[in-house]
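To start, the structure under review is shown below, and the notes come after it.
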Amino acid sequence: MAGEFASGCDEMLFVGTPTGAESRLVAAAGIRFRELAARGFDRARPWTLITSSLRIAASTVVAWAWMGANRPDVVVGFGGYVSIPVGMAAAVRGIPLVLHEQNSVPGLANRTLSRWADRVAVTYEESRCYFRHPERVVLTGNPVRSAVLGADRIAGRAVLGIEPDACVLLAFGGSRGARHINSALIGLRDRLLAIPNLVVLHVAGPSEVSTVADALAAAGGDPDDRWRVVGYLDDMGSALAAADLIVSRAGATSIAEITALGLPAVLVPFPYATDDHQTKNAAALVACGAAALVPDSELDEERFGDVLVGLLSSAERRATMSAASRTLGRPNAAEHVAQVVRSAAQRSGGVSHIDSTEELGV
């Protein structure tokens, strides 16, 4: 995504929180990073709304002063509380503001800022109705990393040491894993390994990998290296390209990558996501036959195993789902979002300086 923004842009600045993952990832990508304190409030502790609001107000003043001195051509917000002060400062300064919403149900930051936004790029058409000015909404899809788009099935399997003729189940729950998915899969060990030539690539999450490995060993172990448990994969593109079936949560990034590669999936939405947006994220895939949905509350029931075994045992069913998944994929989403940003910048008189804000998360 940063590469798409950089095209035709003399300077790009990323604004994020000092303690978030962005402070490390952005610097590693060679992009200028500016810290700005912003924090959401805890719904279980309503009084934190006061401290959160004061922090956002102070950060808005800081952002306003900085924009006055540097005058960016366009500001791009990707959600998260750090977007609010930067977006509000841009609105006050009359600087074009473009927002991107990953999920089907927009978060508070994007809903708040959309009243002043020049354009709102969305992943799902269904999101349009949540914004005050639906006529400013543009359907672009959710950008997918080039490392994922360029991944190859044969090369991916070679990197992972998986035989070309194996049937691969890739299970993951995000960068921190998903405990319930992990335990449910271990409970299905015997049923899954009864499928000939099946390899399970299980990305358990850094904090869960030891627990999952111990549980697998207690359940009977890992025969012939067919069940591989890792905490995290740097090369997720190779793993996705190598897979025949995915089991994952229904986060926006995961769904964008799954559909961009045209993969069949069993989606288990995170039950505590705000406004149950992961269930809504998954709805389009389920409706067109690209995925099966199993609620988190049903992971320990027999149906979860039945769905997995049925799909892993039928290449024909997986092929049908894969074709449907591919129709939903938007591999050019990053380019489309960048086009929206450049158009907004040109209306302000140039594309020399882009200020991007994003709160990275699972």
TODO: In whole angstrom, note down how far apart the Cα centers of the stretch 260-315 and the stretch 77-109 are.
DONE: 30
TODO: Sort the stretch 157-238 into rounded, prolate or oblate with this rule: let a ≥ b ≥ c be the square roots of the eigenvalues of the Cα gyration tensor; rounded if a/c is under 1.5, and if a/c is not under 1.5, prolate when a/b is larger than b/c, oblate otherwise.
DONE: oblate
- [ ] Report, in degrees rounded to the nearest 10, the 0 to 90 angle that the Cα long axis of helix 209-219 makes with the longest principal axis of the chain.
- [x] 20
- [ ] Pick out, from Ala91, Ala344, Ala158, the residue whose Cα sits farthest towards the positive end of the charge dipole of the chain, with +1 on the Cβ of Lys and Arg and -1 on the Cβ of Asp and Glu.
- [x] Ala91
Task: Solvent exposure of the chain as accessible area per residue, Å², 1.4 Å probe - done: 45
TODO: Would you mind calculating the gained length between Glu316 and Asp235 on full extension (0.36 nm times residue separation, minus the Cα-Cα distance), in nm to one decimal?
DONE: 26.4 nm
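About its Cα centre, what dipole magnitude does the chain give when the only charges are +1 on Lys and Arg Cβ and -1 on Asp and Glu Cβ, stated in debye to the nearest 20?
With only Lys, Arg, Asp and Glu charged at Cβ, the dipole is about 1180 debye.
Based on the mean of other beta carbon atoms within 10 Å per residue, what is the order of 95-105, 161-171, most packed first?
Numbers: 95-105: 25.0, 161-171: 17.0.
Taking the mean over residues of other Cβ atoms within 10 Å, the ranking is 95-105, 161-171.
From the mean inverse distance of alpha carbon pairs (Kirkwood) and the Cα radius of gyration, derive Rg over Rh for the stretch 246-324.
Numbers: Rg = 11.9 Å, Rh = 12.5 Å.
That ratio equals 0.95.
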Open item on the list: Quick check on the stretch 41-148: take the gyration tensor over C-alpha atoms, sort the square-rooted eigenvalues as a ≥ b ≥ c, and tell me if it's rounded (a/c under 1.5), prolate or oblate.
Closed with: oblate
Task: Potential extension, Ser210-Val62 segment - 0.36 nm per residue separation minus Cα distance - done: 48.9 nm
TODO: Would you work out which of Ala287, Met321, Ile56 lies farthest towards the positive end of the dipole of the chain, given +1 charges on the beta-carbon of Lys and Arg and -1 on that of Asp and Glu, about the Cα centre?
DONE: Ile56
TODO: For the chain, take the alpha-carbon Rg, divide it by the Kirkwood Rh, and send me Rg/Rh.
DONE: 1.00
Task: Distance from the stretch 231-256 to the stretch 128-191 (C-alpha centre basis), Å - done: 2
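Based on Cβ point charges of +1 for Lys and Arg and -1 for Asp and Glu, what charge dipole magnitude is obtained for the stretch 187-244 about its Cα centre, in debye rounded to the nearest 20?
Working: 4 positive and 9 negative charges, 37 e Å.
The calculation lands at about 180 debye.
I'd like to compare 141-148, 303-310: which one has the highest average count of other Cβ atoms within 10 Å, and what's the full order after that? Please report the intermediate quantities before stating the final value.
On the way: 141-148: 20.5, 303-310: 16.5.
Answer by packing, highest mean first, reads 141-148, 303-310.
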Task: Extension gain, Ala158 back to Glu35 (0.36 nm per residue minus Cα-Cα distance, nm) - done: 40.2 nm
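Give me the percent of the accessible area of the chain that comes from carbon and sulfur atoms, probe 1.4 Å, all protein chains in place. Before the final figure, lay out the partial values.
Numbers: 8580 of 16130 Å².
The C+S portion of the solvent-accessible surface of the chain is 53 percent.
The values are calculated or read from the model by the stated rules, or taken from the named source; none is laboratory data. As the structure is a computational prediction, the values presented were derived from the model and not from experiment. Here the Cβ is made from the backbone with ideal geometry for all residues, glycine too, and neighbour counts use every protein chain on show. Side chains are part of the model used for accessible areas, which takes the heavy atoms of the whole protein and leaves out ligands, DNA and RNA. Shrake-Rupley method; radii C 1.70, N 1.55, O 1.52, S 1.80 Å.
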